[in-house]
Structure formats: C-alpha cells, structure tokens
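Remarks on the structure that follows.
Bear in mind that the values in this text are calculations on the coordinates, not laboratory data. Keep in mind it's a predicted model, so treat the numbers as computed, not measured. Methodologically, a virtual Cβ is constructed for each residue, glycine included, from the backbone with ideal geometry; neighbour enumeration extends over all protein chains shown.
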Ligand code: BGP
C-alpha cells in the first residue's frame with residue numbers, strides 16, 4: 001500500500017504523547033521544586049491511605065511531603081528517567097517516523113515554587129535541548145504548558161488555582177516558555193484535560209478538597225476553572241504576540257455519553273452529560289460561558305468572582321484549534337441503579353453491552369471516536385487534534401525479549417480507521433498522538449504495569465528494573481502506518 005491510498009491529509013501529524021510528570025523522573029534535581037504530581041502515591045495497591053490521596057490529599061500529607069518528600073509520597077518522582085534518557089527515546093520515536101511528539105513542561109523546573117521573579121537556567125537549558133533534539137529529528141514538538149504539574153507551593157498557599165494571582169504567576173511562566181522555546185515550538189496546549197477538575201481537583205488545580213467545607217468546594221472549583229479560562233485566553237494572546245505563526249489549542253477529555261435507549265428521559269440525561277463535558281471547550285473555543293452553566297450557578301447559589309474585563313478577554317482570545325483525549329464512551333440511564341456497572345479507575349457508569357472493556361474497565365469504542373470528531377467539528381468549526389488515545393494493558397515479555405502486543409495493534413487499527421471515517425466526512429483532523437507512546441507511570445493508578453507504549457520500559461510497579469527500552473510488536477506496526485500515512489493498517 002502506498003500513501004496515495006490514504007485518506008489522511010498530507011502533513012498529518014502522526015506521533016505520540018507524554019507528560020513530564022509521568023516520564024521525566026528527576027523530581028529533585030537541578031533546583032526543581034515540588035509539584036502536586038510529586039505528592040501523589042507511587043504504590044496505591046500497597047497503601048490504601050495513599051490511594052485515597054489521589055482523590056483529595058490531606059493537608060497533613062502535603063506538609064509531610066513538603067518536609068520529607070520521601071517513602072510513599074512520590075508517585076512519579078522516578079518516572080522512566082526521560083530527563084536523562086530523552087535523546088535515546090527520541091531516536092526510537094524518529095525510527096518509528098514520528099512527525100510530532102507531545103511533551104509537557106514542568107512549571108517547577110523553571111520556577112520551583114511558581115512565584116520566583118526569574119526562571120532557573122537549568123530548566124531552560126533542559127527544555128531547549130529537548131526541543132532542539134526533536135527538531136533535529138524532524139519531529140514537531142507539541143507542548144502542553146500545564147499537565148497536572150502545578151507547583152506544590154502555589155497549591156498550598158493560593159487555594160490551588162483559586163486565587164487570582166496564580167494567573168499572573170502562570171503568565172510569567174508562559175512568557176519564559178514562549179521566549180525561550182518559541183523558535184522550536186509551533187503547537188502549544190494550555191491546560192491538559194481542563195474538564196477533569198471535579199474528578200481530580202488535586203491533580204488538576206491543586207485543590208485539596210479536605211480543606212474546605214463541602215458547600216464551598218464546588219464554588220472554589222468553578223473559581224479555579226474560571227481563573228484557568230482567563231489564563232488560557234491571556235496565554236493565547238501572549239503567544240500570538242510573541243511567536244508569530246504559533247498556534248494554541250485547548251485540551252479536553254472527550255467522554256462521549258450515549259443514552260441507554262430511546263426513552264426521551266434517557267436522551268435528556270445523556271444530553272446534559274455531554275453538554276457538561278463540552279462546557280470547558282465551549283468557553284475556550286466560543287469565548288463565552290454557556291447559558292446552562294450560568295443558570296446552574298444561579299440555582300445553586302454559586303458565586304464566581306470575575307475580574308474586570310474577563311468576559312471580553314475570553315471573547316477576544318479563543319484558541320486556534322481543539323485538542324482532546326479519547327479513551328472511552330459512557331452510557332447514561334435513568335435506571336442506573338439497577339444496571340450493571342463498568343468500574344473504570346477513572347470513570348464509572350452503566351455498562352454498554354455492545355462494547356468490550358480494557359483491563360481497567362475502560363469501554364473501548366472506536367466508532368465513538370468517529371462520532372466525537374464529527375460532533376466537535378459541527379460544534380466548533382476548528383481543526384481538531386487527537387492528542388491522547390490508547391490502551392492501557394499488561395504486557396508480557398517473551399523469553400527472547402520480544403513483546404507480542406497484538407491487542408494494542410488491534411485497538412489502534414480500529415481507532416485509526418475511525419479517524420479516517422471522520423476525515424472522509426470532511427472533518428479537519430490535524431494529527432494523532434497516541435498516549436504513552438513509550439511506557440510511563442499511569443496518572444490514575446501510578447502503576448508502571450498499566451502500559452500504553454510502542455516502546456517497552458523495563459521497570460515494575462515497585463521501581464525495580466533496568467530502565468532499558470525495547471521495541472514491542474506494535475512499534476513496527478505503527479512505523480508502517482506512519483510510513484504509508486495511515487494507508488496500511
Ligand atoms: C489522561 C491524562 C494522562 C494519562 C491518560 C491515561 O487522563 O491526561 O496524563 O495518564 O489519561 O490515564 P492513566 O494513566 O490513568 O491510565
């Protein structure tokens with residue numbers, strides 16, 4: 001098969017996605033400060049108390065982590081040591097033919113507490129070299145500015161993203177990024193999965209829910225989100241001013257929800273869930289709050305502080321493109337109580353009888369990706385970028401060191417076909433970066449054994465292993481997919 005048989009546009013950005021806090025390791029070197037990610041747990045299956053910390057860490061635990069930052073409070077501290085091995089890893093990505101690599105910048109490598117007036121040179125040097133190396137391999141960096149990596153200091157002293165000052169701290173960080181890395185980076189993303197705030201308030205916005213009275217929590221979370229919306233718009237403005245030609249995208253989780261059946265009550269329920277999911281991209285793309293959210297705040301007595309001119313800022317500086325993660329679809333039912341559930345570690349819901357589930361209970365649904373793409377195109381009329389998708393699975397290493405991950409190949413084949421189907425319907429898709437293209441530490445479970453990669457990393461859940469990299473069967477398969485621009489699946 002040749003590229004001429006492909007439905008994918010020329011220049012389609014095939015690649016892979018990572019996040020710094022899940023792969024870099026080197027959590028305390030060269031002056032780096034602690035981030036919220038450094039204070040979740042490494043071994044949730046061993047220590048239940050720590051596992052609870054993932055969903056709202058207590059202030060005592062934070063204090064403990066700040067002082068000692070040792071033993072059980074360090075999930076992603078070691079990562080896969082990408083910080084020291086990125087050159088070797090980029091060689092492997094280049095061998096697969098990657099056109100792009102999604103990485104993130106740890107705020108705490110540049111500003112250890114987030115509040116310093118000047119950035120650390122060590123952080124600048126590291127990321128400059130990372131981006132330069134990518135460019136030397138003809139790999140376009142796709143850079144997330146904020147991927148669950150808020151400085152711990154800000155989380156502790158500013159109610160996470162709750163205080164307005166955090167916007168200025170973030171913009172100072174952005175300014176350094178655009179100035180220092182702008183010559184290498186064209187595509188930027190502001191906040192990873194900005195809609196995850198209620199699922200993981202600690203991870204996303206540094207809000208330790210235990211600290212606040214229940215009736216205040218929701219209001220605070222919305223305040224954080226609003227501050228992030230404003231920060232996102234101002235970062236977009238700044239990027240356009242500082243780096244001509246560069247583009248900013250938002251990043252949301254697209255969790256498509258189906259009604260259980262054609263009962264109009266279920267239709268309404270699913271519509272509400274989908275609308276709530278769209279809220280975050282609606283504001284960043286359309287530049288205004290949807291009426292249903294404002295109405296809800298009114299009903300619930302939620303008061304969110306808007307700065308003077310915030311509405312105009314949101315309207316004037318929408319993002320250039322829409323990026324999203326897509327892993328699964330969900331089902332809504334008014335009879336949910338009586339239905340069988342799928343117990344994902346990220347989201348739980350009613351089981352869809354038509355879909356298989358992954359080892360972690362995520363419902364695998366390639367057609368849902370076609371649906372999501374078409375739906376988003378109709379809603380936003382902007383280019384779309386799938387910046388996360390993939391199958392977390394247990395891999396087995398054969399005696400000769402090979403890994404036959406045919407299940408992963410099957411997963412990707414079906415999802416790439418699904419993207420092709422949307423393209424044939426006229427959807428403008430910029431690229432596709434499967435999540436965890438090299439095995440890395442899981443965000444939700446902090447396990448290494450939940451593997452997504454084309455590249456295997458010899459490391460187990462307890463941190464044992466050589467860190468050696470090896471090519472899985474899917475590595476060769478994906479290489480061929482890229483070579484033929486998606487024609488040979
Ligand atoms: C997304 C996050 C990633 C990533 C991925 C897979 O929600 O943006 O950081 O980890 O999910 O999730 P997990 O690692 O929990 O399997």
Which value in nm describes the separation of the simple spin-label points at residue 163 and residue 215, placed 7 Å from the Cα toward the beta carbon?
2.5
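Which of 370, 204 has the fewest other C-beta atoms within 10 Å, and how do the rest follow up to the most?
Neighbour counts put them in this order, fewest first: 370, 204.
Please work out the FRET efficiency for the pair residue 261 and residue 410, using the Cβ-Cβ distance as r and a Förster radius of 41 Å; give the result to the nearest 0.05. Display every interim value, and only then the final one.
Details: r = 29 Å, r/R0 = 0.70.
Result of the calculation: an efficiency of 0.90.
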Which log10 I(q)/I(0) values does the stretch 278-325 give at q = 0.16, 0.23, 0.27, 0.31 Å⁻¹ under the Debye formula, counting every alpha carbon as one identical point scatterer?
-0.51, -0.91, -1.06, -1.15
What is the order of 237, 382, 450, fewest Cβ neighbours within 10 Å to most?
237, 382, 450
For a bin width of 10 Å, list the pair-distance distribution of the stretch 188-233 built from all Cα-Cα distances, rounded to whole %.
27, 56, 16, 1
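Which shape class applies to the stretch 312-437: rounded if a/c is under 1.5, otherwise prolate when a/b exceeds b/c and oblate if not, where a ≥ b ≥ c are the square roots of the Cα gyration tensor eigenvalues?
Details: a/c = 2.00, a/b = 1.27, b/c = 1.57.
Oblate.
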Neighbouring Cβ atoms within 10 Å as the yardstick, rank 481, 243 fewest first.
243, 481
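Ranked highest first by average number of other Cβ atoms within 10 Å, how do 275-288, 17-30 line up? Walk me through the intermediate numbers first.
Values: 275-288: 19.4, 17-30: 22.6.
So the order, starting with the most tightly packed, is 17-30, 275-288.
Sorted from largest to smallest, which semi-axis lengths in Å does the alpha carbon gyration tensor of the stretch 76-135 give for its equivalent ellipsoid, taking the root of 5 times each eigenvalue? Before the final figure, lay out the partial values.
Details: eigenvalues 122, 32, 17 Å².
Semi-axes from the Cα gyration tensor: 25, 13, 9 Å.
For Cα pairs less than 8 Å apart in space and 6+ apart in sequence, what is the mean separation divided by the residue count of the chain, i.e. the relative contact order in percent? Could you put the intermediate results ahead of the total?
Values: 995 pairs, mean separation 89.1, N = 489.
18 percent.
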Output the relative contact order of the stretch 147-292, whole-number percent, from Cα pairs under 8 angstrom with separation of 6+ residues.
28
Just to verify a number: FRET efficiency for residue 138 and residue 488, C-beta to C-beta distance, R0 = 25 Å, to 0.05?
0.75
Once you have all Cα-Cα distances for the stretch 162-310, histogram them in 10 Å bins from zero and send the whole-percent values.
10, 35, 34, 16, 5, 0
In nanometres, the difference between 0.36 nm per residue of separation and the alpha-carbon distance of residue 95 and residue 335 is 81.4 nm
Sort the stretch 260-303 into rounded, prolate or oblate with this rule: let a ≥ b ≥ c be the square roots of the eigenvalues of the Cα gyration tensor; rounded if a/c is under 1.5, and if a/c is not under 1.5, prolate when a/b is larger than b/c, oblate otherwise.
oblate
Scale the Cα Rg of the stretch 411-489 by the rule-of-thumb value 2.2 N^0.38 Å and send over the ratio, two decimals.
1.31
Rg (one decimal) and Dmax (whole number) from the Cα set of the stretch 372-451, in Å, equal 15.6, 50
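Mean shadow of the stretch 83-172, computed from the convex hull of its alpha carbons, in nm²?
Values: hull surface 24.4 nm².
For the Cα atoms of the stretch 83-172, the hull's average projected area reads 6.1 nm².
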Any idea how far apart residue 468 and residue 310 come out in nm if each label point goes 7 Å out from Cα toward Cβ?
5.4
Could I have the simple spin-label model distance between residue 183 and residue 480, label points 7 Å from Cα toward Cβ, reported in nm to one decimal?
4.1
Binning at 5 Å from 0, report for the stretch 101-150 what percent of all alpha-carbon pair distances ends up in each bin.
5, 21, 25, 25, 15, 7, 2
Antiparallel as a % of all DSSP beta bridges within the chain, to the nearest 5?
20
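Please work out the Kirkwood hydrodynamic radius for the chain, using every pair of different C-alpha atoms, and report it in angstroms with one decimal place. Present the calculation step by step, with values, prior to reporting the outcome.
Working: mean 1/r = 0.0439 Å⁻¹.
One over the average 1/r among Cα pairs gives 22.8 Å for the chain.
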